[in-house]
Each structure stands twice: as structure tokens, then as C-alpha cells.
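Take a look at the structure below.
The values are calculated or read from the model by the stated rules, or taken from the named source; none is laboratory data. All figures in this text were calculated on a predicted structure; none of them were measured in a lab. No Cβ is skipped: glycine too gets one built from the backbone with ideal geometry, and neighbour counts run over all protein chains shown. We work out accessible area using only protein heavy atoms, side chains counted, and drop any ligands, DNA or RNA first. Shrake-Rupley method; radii C 1.70, N 1.55, O 1.52, S 1.80 Å.
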Amino acid sequence: MTASTIFDGARMRRARVAVSLAFFAFGTQLGLWFAHIPEVARRLALEPAQLGLGILGMGLIGLVMQPVTGLAIARIGSRHTTVVLLSAFVIAVTLLIGAPSQPLFFVFAALFGLVGMPANVGINTLAAEFEHRHGRAVMSSFHGFFSVGGLVGSLFGGALIAADHGDGRGAFVVGIAMLFVSLWATANALEVAPERREPRQGPRFAMPPVAILGICLLAFCTALIEGSVGDWSALYLDTIKHADPALAASGYTLFSVAMAVMRFAGGSIVERIGPRTLIAGGGSLMATGMLIVVLSPSALIGAFGFVVVAIGASNIVPILTSAAARTPGVAPSLGVAALTTFMTLGMFAGPLAIGFIAQAWDLGIAFGFLAAIGVLVAVGAASRRWDRAATPET
């Protein structure tokens, strides 16, 4: 009996829908937050550096909580852990969007970090367990549902702001719906049962081995661009290109659409052109897209520049994850853990850097910095030796 036949077909189909909805709910709440950032910043009179510090706090707290999440999953199981974390994340986003004062903004930002990144670990654990029992690589499709959720969240966010419900009232209604989705999804996913862990060998924390460091740096740079676009695209279109609130929110909306489409189609593309070409081309596209955003004469053209960025970025991380898991001499778990750490650092270091550059100069110069990072990704990928075995399976 193979791993894919342990459960009957109906149970596996329900589990796949459940994990897809968990990713969708997580992405929806994240997209809702991204769309509301300009409104929150305006309502609370947050300076760019203050907003950047709040986002940095989210990342630092989330990094600290990642090992705790792994321990919780090992001791009480993936579903019990994820139902708490994902539900708490939905609540945290709702509170953050409706924060009535600057001090409470930082409190809710800390709560966001406390449960957000651990919730991401939880849903990915559920996805990995389904993939293991299903017997085929389906992780990319789950991440595609995350992108669809980001799209839906940003669309709802823009509509709520346009309807003058951007003060948290609209986010509360969406949050209630996503809370029910999260509860059903985590109840119907496949369980990673608690297990007795072997005594830890070696240091608790260690730098990634040299063999995988280059991959981690590419992941860091890509995540830096993705995180910056998510946190700053709407504010850029609002303050620099003078877009109306609905159009400002469309930057991340278009970004999410392109990410979702390319992730669902990514497997065949990687097989045809190979990892080196895709990542090098992706870095070039990210740089080109950011230049379109910065140099565009209108907010609408600038918003479409984010589409180009998304096309370039969409499939880089799946390839890097596969390469990290297959690096010779490196255990797959160590490779993926190292990659995830660098991705997380990039996701939160980028918005912080953009905030301080914008404070010192302006957001246009800050986004030009992101174009330079895209060039580094292209050069780094082109200069690295890639193995076809690192290509994701389909």
C-alpha cells in the first residue's frame, strides 16, 4: 500500500480543499492588511520610519517564535497547533487594521508577528503532510491559493476603503468570515501526529553550510523585493503617483493575480527552460518591473509594473526550496530550514530598509534600490551552477 492510498479518495479530496482554504484564508488576511496600510498610516499619522519599525517588530517576533512553533507541532500535533495560530492571526490582522492609536498599533503589530509567521509554519506543515500522503508534489498549488487569497484580500480592502469602511469595520466582517474558514480548514486537514523527538545533536542554532549559502542569499533578495512590494506598493502609488485609494490598492492586487497565475503554471515552465534561466530571467524581470514603477508617468502604468515584478518573482522561491532540499552533503530539513530563515529575514528587512530610505530621501529612490536587488538576483543565478534535479516535480 502506497502513501497515497492510506486514506480513501473522498478523505484526501476533503483534505486538499481544507489545506487550500487554510492558505487562502492566510493570504486573504495578509492582502487585506497590505491594502489598508496607507489608510492606517494616514489615520494614525505614522511616519514611514515608524511604519517600518512596526513591520520590523512583526518579523523579529515571528523569527523568535518559529522554533517554538516547531516544538508545539511535535508535541501536540499540527492541527491543534495550526487551529490556534491561524485563528489568532485572523484576529490579529483585524485588530491591527482597526488600531485606534499609535501605541495600540505597535501592540497589535507585535501580536501579528507573534502568531503570523508561526501560522505560516503551521499551514505549510499541513501541506507537507498532505503532499507526503498524496504521493505527488502539490505544494506549488497550495501557494497559488495563498496568492489568490492575497488578491481577494486586496480587492476587498480597496473596495472597503472606497466605501469609507477602511477604519476597521469592513475588516471585522471579512475577519469573521475568514475565522470560520480557518476553523473548518484546520479541522479537515490531515494530522501530523505528535511524536517523540530524538535528543538534539549539536548546537540549537547554526549558520547554514557554505554549500547552501548562495541559494539562501538569492532567497533573501527575492523575499526582500516581495515583502517590500507587499508593504509599500499601495503607499507608493498613493503618495508618489497620487492615485486614488482604490487604484493605490490595485498595485498589490495586480501583483497577486500575476503571482497566482504563474505559480499554478510554474511547474511546466521550469521543466522547459531550467532553473538557471528562470531565476536569472526572473531577477531581470523584477528589476525591469521596479524601473517601470519608478519611471512610469502615471499611477496606472506604475501599477502594471508590479505585474512584471510578480512574473519574475513567482517561481523563484519554489525552485530555491527544491534546490535547498537537494543540496549535496546537506540534509533536506537543514537546507529548507536555512532557506526559510533567510526568506523571512528578507521579507521583513526589505520593508524596513524601504522605510528608512524613504524617510531619508523618498519612496522613488527606495524603489530604485529594489531594482538593483533584482539585478543582483539575475547575476547571482546566472553565475551559479544549477542541477536539473533541483527542478520542482509536477
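Are any of the residues in segment 94-115 in contact with a Ser or Thr (Cβ under 8 Å, 6 or more places away or on another chain), modelled with pLDDT of 80 or more and not charged (D, E, K, R)? Checked segment 94-115: no residue is in contact with a Ser or Thr (Cβ under 8 Å, 6 or more places away or on another chain), modelled with pLDDT of 80 or more and not charged (D, E, K, R). Please verify whether residue 314 is open to solvent by less than 30 Å² (accessible area, probe 1.4 Å) and modelled with pLDDT under 80, treating the condition exactly as stated. Judged against the criteria, residue 314 is not a match. When each of 88, 15, 45 is tested for being on the phi > 0 side of the Ramachandran plot and touching a residue at least 12 places away in the same chain (Cβ under 8 Å), the lone residue that passes is 45. Does segment 153-168 contain any residue that is surrounded by 22 or more Cβ atoms within 10 Å (Cβ to Cβ), assigned to a helix (DSSP H, G or I), in contact with a Ser or Thr (Cβ under 6 Å, 6 or more places away or on another chain) and modelled with pLDDT under 85? Taking every residue of segment 153-168 in turn, at least one turns out to be surrounded by 22 or more Cβ atoms within 10 Å (Cβ to Cβ), assigned to a helix (DSSP H, G or I), in contact with a Ser or Thr (Cβ under 6 Å, 6 or more places away or on another chain) and modelled with pLDDT under 85.
Give the residue, chosen from 343, 347, that is over 13 Å from residue 215 (Cβ atoms), at pLDDT 75 or above and either surrounded by 19 or more Cβ atoms within 10 Å (Cβ to Cβ) or among the small types (Gly, Ala, Ser) (or both). Walk me through how you get there before you give the answer.
Details: 343 fails: over 13 Å from residue 215 (Cβ atoms).
Answer to the selection: 347.
Of the residues making up segment 93-122, those that are of a type in the set (A, V, I, L, M, F, W, C) and under 14 Å from residue 176 (Cβ atoms) number 3. Per the conditions (1) farther than 18 Å from residue 32 by Cα; (2) part of a helix (DSSP H, G or I); (3) touching a Leu at 6+ places or on another chain (Cβ under 7 Å), the sole criterion not satisfied by residue 243 is (2). Please specify each residue of segment 228-238 satisfying the condition of being more than 19 Å from residue 144 (Cβ to Cβ) and either modelled with pLDDT under 80 or open to solvent by less than 10 Å² (accessible area, probe 1.4 Å) (or both). Across segment 228-238, the qualifying residues are 228, 231, 232, 233, 234, 236, 237. Within segment 77-89, the set of residues being touching a Gly at 6+ places or on another chain (Cβ under 6 Å) and either outside any helix (DSSP H, G or I) or modelled with pLDDT of 95 or more (or both) comprises 89 only. If you check 330, 336, 308 for being modelled with pLDDT of 85 or more, on the phi < 0 side of the Ramachandran plot and surrounded by fewer than 23 Cβ atoms within 10 Å (Cβ to Cβ), only one passes: 308.
Mind telling me which of the residues 309, 270 ends up being under 18 Å from residue 350 (Cα atoms) and either in contact (Cβ under 8 Å) with a residue 60 or more places away in the chain or out of contact with any Ser or Thr (no Cβ under 9 Å at 6 or more places or on another chain) (or both)?
Unique residue meeting the criteria: 309.
Among residues that are under 23 Å from the mean Cα position of the chain (by Cα), at pLDDT 85 or above, loosely packed, with under 14 Cβ neighbours inside 10 Å and β-branched (Val, Ile, Thr), residue 176 is included.
Within segment 245-265, the set of residues being out of contact with any helix residue (DSSP H, G or I) (no Cβ under 6 Å at 6 or more places or on another chain) and modelled with pLDDT under 80 comprises just one member, 265. Comparison of 123, 176 shows that the only residue that is within 24 Å of residue 80 (Cα to Cα), hydrophobic (A, V, I, L, M, F, W, C) and without any contact (Cβ under 8 Å) to a residue 24 or more places away in the chain is 176.
Restricting 53, 32 to residues that are under 25 Å from residue 228 (Cα atoms), part of a helix (DSSP H, G or I) and in contact with a helix residue (DSSP H, G or I) (Cβ under 6 Å, 6 or more places away or on another chain) narrows the list to 32. Looking across segment 225-240 at every residue that is over 17 Å from the mean Cα position of the chain (by Cα), part of a helix (DSSP H, G or I) and among the aliphatic types (A, V, I, L, M), the one that is farthest from residue 57 (Cα to Cα) is identified as 237.
Of everything in segment 268-287, what is modelled with pLDDT under 80 and polar (S, T, N, Q)? Give them in sequence order. Listed by number, the list holds a single entry, 268.
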